[in-house]
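Asker: Sharing a structure here in structure tokens format.
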């Protein structure tokens, strides 16, 4: 079965998903919608799809599923609309910036029986997935500590900062999902610290650019997350899991994995410059997983509930950073 897609939003992440859909033999990109005409036309020309309005896609008989890449404040409304229209839905994180609104949205999804996947693509990265498999295989015994390092090469535009929901809901939320994915238990305590070390204008906009978080589960398992909006050496993405019988880690990835040795020492090529190239495989595998769920009408993972729990952790981290003390969940 070929799943026929409508793409809502033709910006940076929309282009990433268009490529993933276009490269999958079980998918067809039927239409794209975007308020910016040129952005929509670029994708339509590249993939041979139509340009339609969101209203047209909602009523279309030739669209089975939608990928929502629009601004965050539109996500919940669009999920509800397309759930009621009988479409399968893939939505970029977060579903909404307000927990109560997310819960309302998920209630509609449950009532309609719609398939919903939330875009936590890092679960599908082959390197991170291999770490999870090592855990599942018992290679390191019982998980005790997780360390997640996630640093962007540079901060986003200031106008994005204002509508992003803040670093914890925008950036760290990926790491909260990865922490849950690797710990195997839900965190019950969050301790966070946050600073403005990269760009004072980010602080003036009410956000942070450098944060660290410690998550603790009921049994005492720990996860340490470190985020920065600046890494001069590239897109820094590493995880390490320590267990009772060993450790497993996923190192940074490079477009070319070589090492050069000469009289000046050992050198390696630069890291990927950002998520668009670092996670190409993850986005492709993610869409493939969604296609399987949509074609069979079954539950997708990560689910809306995964999105809700990650948002609750983000809210707790923000509260902890502002109050200077741990927050119990």
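Asker: For the condition touching a strand residue (DSSP E or B) at 6+ places or on another chain (Cβ under 9 Å) and surrounded by fewer than 18 Cβ atoms within 10 Å (Cβ to Cβ), what is the one hit in 185, 201?
Answerer: Result of the check over 185, 201: 185.
Asker: Give me the pairs, please: first residue somewhere in region 178-198 and outside the structural domain of residue 142 (by TED's automatic domain parsing), second residue anywhere and outside any strand (DSSP E or B), beta-carbon distance under 9 Å, and either six or more positions apart or on two chains.
Answerer: Nothing qualifies.
Asker: Taking the condition without any contact (Cβ under 8 Å) to a residue 40 or more places away in the chain, over 18 Å from the mean Cα position of the chain (by Cα) and on the phi > 0 side of the Ramachandran plot, does residue 265 pass?
Answerer: Yes; evaluated as a whole, the condition is true for this residue.
Asker: Sticking with this one: Under the condition of being in contact (Cβ under 8 Å) with a residue 40 or more places away in the chain and buried (at least 18 other Cβ atoms within 10 Å of the Cβ), which residue from region 206-219 is nearest to residue 160 (Cα to Cα)?
Answerer: Looking at the filtered set, the residue picked out is 207.
Asker: Would you check if there is a residue in region 137-147 being part of a strand (DSSP E or B), under 20 Å from the mean Cα position of the chain (by Cα) and either farther than 16 Å from residue 71 by Cβ or assigned by TED's automatic domain parsing to the domain that holds residue 8 (or both)?
Answerer: Taking every residue of region 137-147 in turn, at least one turns out to be part of a strand (DSSP E or B), under 20 Å from the mean Cα position of the chain (by Cα) and either farther than 16 Å from residue 71 by Cβ or assigned by TED's automatic domain parsing to the domain that holds residue 8 (or both).
Asker: Whether any residue in region 296-317 is over 26 Å from residue 92 (Cβ atoms), assigned to a loop (DSSP other than H, G, I, E, B) and touching a residue at least 12 places away in the same chain (Cβ under 8 Å) is what I want to check.
Answerer: No.
Asker: Further question on the same structure: Within region 193-222, how many residues turn out to be under 20 Å from the mean Cα position of the chain (by Cα) and either more than 30 Å from residue 269 (Cβ to Cβ) or at pLDDT below 95 (or both)?
Answerer: Looking only at that region, the number is 5.
Asker: Could you check how many residues of region 148-160 are in a helix (DSSP H, G or I) and either within 17 Å of the chain's Cα centre (by Cα) or closer than 16 Å to residue 252 by Cα (or both)? Let's see the steps before the verdict.
Answerer: Here is the first cut: in region 148-160, the ones in a helix (DSSP H, G or I) are 158-160.
From the residues that got through so far, the ones that are either within 17 Å of the chain's Cα centre (by Cα) or closer than 16 Å to residue 252 by Cα (or both) too are 160.
Going through region 148-160 one residue at a time, the tally reaches 1.
Asker: Out of (1) buried (at least 19 other Cβ atoms within 10 Å of the Cβ); (2) outside the structural domain of residue 255 (by TED's automatic domain parsing); (3) in contact with a strand residue (DSSP E or B) (Cβ under 6 Å, 6 or more places away or on another chain), the odd one out for residue 320 is which?
Answerer: (2)
Asker: Something else now. Any residue in region 137-153 that's free of Cβ contacts under 8 Å to residues at least 12 places away in the same chain: show its pairings with residues that are in a loop (DSSP other than H, G, I, E, B) at Cβ separation under 7 Å, as long as the two are six or more apart or on different chains.
Answerer: Within 7 Å, no pair qualifies.
The values are calculated or read from the model by the stated rules, or taken from the named source; none is laboratory data. Just so it is clear, the model here is predicted, and its values are computed rather than measured. All Cβ positions, even for glycine, are placed from backbone atoms using ideal geometry, and neighbour counts span all protein chains on display.
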